[in-house]
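The values are calculated or read from the model by the stated rules, or taken from the named source; none is laboratory data. Since this is a predicted model, take the numbers as computed values, not measurements. Because the Cβ atoms are built from the backbone with ideal geometry, glycine has one as well, and the counts that use them run over all protein chains shown.
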Amino acid sequence: MLKALVKKQLLELTAPLRRSSATGRRRTGWKAAAFGVLVVCLFGLVMGSVGVLDALICPPLTAAGLDWLYFALSAAPALLVGVLGGGMMAYSSLYAARDNEMLLSLPIPPGMILGVRMGYVWFLGLGYQALVLAPAYGVYFVLGSRPVAAALAMVPVLASLGCLVLAVSCLAGWAAAMLGGRITRYKAALNLLYAVAVLALALGANVGVRQGLTWLLTHLDQVQTLGGSAWLVYLLGSAAAGDGWAVGLLAAAGLGALALCWLVLRKNYLRIMTTRRAGARPAYREKPARARSVRRALLGREWLRLAGSTSYMVNSTMASILMVLAVPVLVWKAEDLRALLALWPQAGAYGPAAGCGLVCSAAAMSLITPPSVSLEGRTLWLIQSLPVTPWQALRAKLDLHLVLTLPPALAAAGCAVWLLGCDALSAGLVLAETALFTLLTGAAGLVLGLRLPNLHWTNETAAVKNSAAPVVTLFGGWAALAALTGLWWVTRGLLGPARALAACCAVTAAGCIGLLHLLRRWGTAAFARL
């Protein structure tokens, strides 16, 4: 029975390599090989980027006898990455697995199910940590002063850190399961806020790491006393560097945390697996019906679809959230930014176009329309059976894009205009180009969504993230922005910066008119044929 459970978890782990999440069909031949190569290249890119940073900091730290600090700078982020990734996997694998009831109906002890699934989460957490720690060890084997000791400690340290990550991940997953059982409304919005918080934490950690590395590389003589004041970091780095006593303490801590987590979960795991907290009982309240126009009703339908899908909301509206957050940051740092602009002699002439380009590049990442057609899925017949025209249904999807993207983009563009001190003509052209480019990317995304639909997905995440339309829209929008930038650069000498920006507005407006005409003619017919 244990062998069958382990085989099941291994098949679940390798399922993305064997089966497409977009269509549910099995990958065969060159498709499976190509997907495997893509995964290997992606992991290689991430690990290579980490290895470049490790190669920069390893020689000065090891030359100063601070091998423990070098490994601490890699082990601490690895631990954080493992907890962030393992926490989500622990929730979906331990507490919210779809086959819980099926496994419990078999003659399998719940403790065995828990053990196998905890091993699965441990292996995934180990993989997350290896993305950061493996390049650090590889660089140290070449440039370090004690590569043999580090090589002997690598496996025990990774296993011990995996146990710590597993214990914390199980706790985080348990907290997520408890909160998820009590929250019955606004789950998608809360997940969006969580994603924004994680992104803000990552950006803050990036700034902190850069400042810390700058201080370390310029004050190596003052770091010798750091081990006494930060003994946990010192223990972590010393264990990774190969000190025997530190490896023993780290192993004891990891095994102790894992044993405690096992005892607590084994006692309550059956109750957690079988408990389904019901939401609030709906109560009928008589309300007067409000008549709405067809356009507002269809826009409300699109909004409800967005608000009810976590994947759709998080991946499609992140750009709008970032533009909204950028406005107070720009106002807060206005003096510092103006001081930097004062060092740019051509800020007055090139500043409006540069600010407009930055805002438009952010607006191009708002991918609301590309997956909107695919998300209709097998319920497409519902909207097609309503007494509305195909153009009204498509226009509602474009309206949602404009409602959620245009106000943040105009706010960010207005803030940029204020910072640059533009004249009235340049300010008006920046705002006009921002609005036109937002409309252009939304219409282009809708055209591509109709041209490259994916109506046979098995998971809505596949329609949002794994379809061709969002990817082509994103890179196509950036390519169009690059072409407009080239047009402005070529014509600025003949027409002047302001008139060159007006020419870009004219070209963008022509593109919008063409795409809207295409949607009215070809798009409505294509939508009716789906």
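Observations, loosely collected:
- Among the conditions (1) among the aliphatic types (A, V, I, L, M); (2) at pLDDT 75 or above; (3) part of a helix (DSSP H, G or I), the only one that A90 does not satisfy is (2).
- Number of the exception - L406 against (1) within 30 Å of L330 (Cα to Cα); (2) outside any helix (DSSP H, G or I): (2)
- Per-region count, region 457-473, residues surrounded by 15 or more Cβ atoms within 10 Å (Cβ to Cβ), out of contact with any Leu (no Cβ under 6 Å at 6 or more places or on another chain) and touching a residue at least 60 places away in the same chain (Cβ under 8 Å): 9
- Hits in region 448-477 - residues which are of a type outside the set (A, V, I, L, M) and in contact with a Gly (Cβ under 7 Å, 6 or more places away or on another chain): W457, T458, T473
- Scan region 377-387 for residues that are in a loop (DSSP other than H, G, I, E, B) and either in contact with a strand residue (DSSP E or B) (Cβ under 9 Å, 6 or more places away or on another chain) or under 16 Å from A526 (Cβ atoms) (or both) and the total you get is 0.
- Of all residues in region 448-467, those that are in contact with a Pro (Cβ under 9 Å, 6 or more places away or on another chain) and within 18 Å of G523 (Cα to Cα) total 4.
- Selected residue [within 21 Å of L61 (Cα to Cα) and either surrounded by 24 or more Cβ atoms within 10 Å (Cβ to Cβ) or among the aliphatic types (A, V, I, L, M) (or both)] from A130, A172, A159, A150: A150
- The number of residues in region 293-315 being hydroxyl-bearing (S, T, Y) and surrounded by 19 or more Cβ atoms within 10 Å (Cβ to Cβ) comes to 3.
For every residue, the table says whether it meets (1) without any contact (Cβ under 8 Å) to a residue 60 or more places away in the chain; (2) over 32 Å from the mean Cα position of the chain (by Cα).
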| site | (1), (2) |
| --- | --- |
| L481 | no, no |
| T485 | no, no |
| V490 | yes, yes |
| G496 | yes, yes |
| A500 | no, yes |
| A503 | yes, yes |
| V507 | yes, yes |
| G514 | yes, yes |
| F527 | no, no |
